[in-house]
Amino acid sequence: MMASLNLKANIIVRIIIAIMFDIYSLFSHGIEETIGIHVILSNLFWWTSLILVITAYKYRRNWNVGEMPWTYLFLTFLFFGIRELGHFSKLPVLDSIRHIFGIGSAIFMTAALILIYMKLYKRKIISKPMSFIPFIFALVFPILFIYLYFSGMENETIKNIFFNLENIMWITGGSITVYTTYMLGMKSTGDFVHVFMFFQFAAIFAILWKFLGLIGTISCPIPYSIRELMETLFGVSAIISMYILEKMLRKLSRHIS
């Protein structure tokens, strides 16, 4: 028991130290996007979260939500992880592709929580064809990119289009997720409350992050440091939610067996 508490305390301390270093790194930069410790931390958060999703999936029988939410959770973290890897490339065309993966991540995260909400809160099962709608919707954006790219539009213009589309998708999807996680949290017990609470925190930070980005394109530029701080907190909330979920399902599996 004491070892478990020490491990938890160690994890929390490390996260706090990481955020402090990230804040220092962020506020040493100005308006322009830069590669710093926050990018490394973001990649670490999202790829670790993906591993936690895969690990938690082994205990999926202890959480009766069906297969599709797990698929969408996996794609959420996979797509955002790929998006974050795009920070390390300077190719203009990859900037647009990076935003496409961000759009996909927003769609899949929203879809996952909607399906969980329908199953656990509404007690309804969405039909197989309906559950594939997010896939179809997500395919629209790479098709749009291919059309714009081969139509001769400048890379910078394409990048700005998908940057704004990603902002809109995260603001919209995040708002839906705030609602679904709130309703799920109200009906949940035990650590499931904490899972949905941190998913809600993640959605709120995603909304703030993208809202600031949208304001920057419409009126006055927002310092990159502030936007990236919101994104970092978004990643921290996401990894904590998956850590709690994986730990809880593993614990339930141990008790059942």
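Quick note: the coordinates plus some simple rules give every number you see, no bench work behind them. Note that the coordinates shown come from a computational prediction; the quantities given were computed from them, not determined experimentally. Every residue, glycine as well, gets a Cβ built from its backbone with ideal geometry; the counts of neighbours run over all protein chains shown.
Values computed for the structure shown
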quantity	calculated
Cut-off under 5 Å, modelled amide H: who pairs with Trp63 long-range	none
Prolate/oblate/rounded call for the chain, Cα gyration tensor, a/c under 1.5 rounded	oblate
The range 93-142: trypsin sites (Lys or Arg not before Pro) falling in loop per DSSP and having at most 15 other Cβ within 10 Å	Lys122, Arg123, Lys124
Most positive-pole-ward Cα, Tyr72, Phe234, Gly152, against dipole of the chain from beta carbon charges	Tyr72
The range 34-252, dipole about Cα centre (Lys/Arg Cβ +1, Asp/Glu Cβ -1), debye to the nearest 20	980 debye
For the chain: relative contact order, % (alpha-carbon pairs under 8 angstrom, 6 or more apart)	26 percent
FRET efficiency, 1/(1 + (r/R0)^6) with R0 41 Å, evaluated for Glu154 and Lys58 via beta carbons	0.30
Mean Cβ neighbour count within 10 Å, used as a protection proxy, ranking 103-116, 47-60, 216-229, 158-171 highest first	103-116, 158-171, 47-60, 216-229
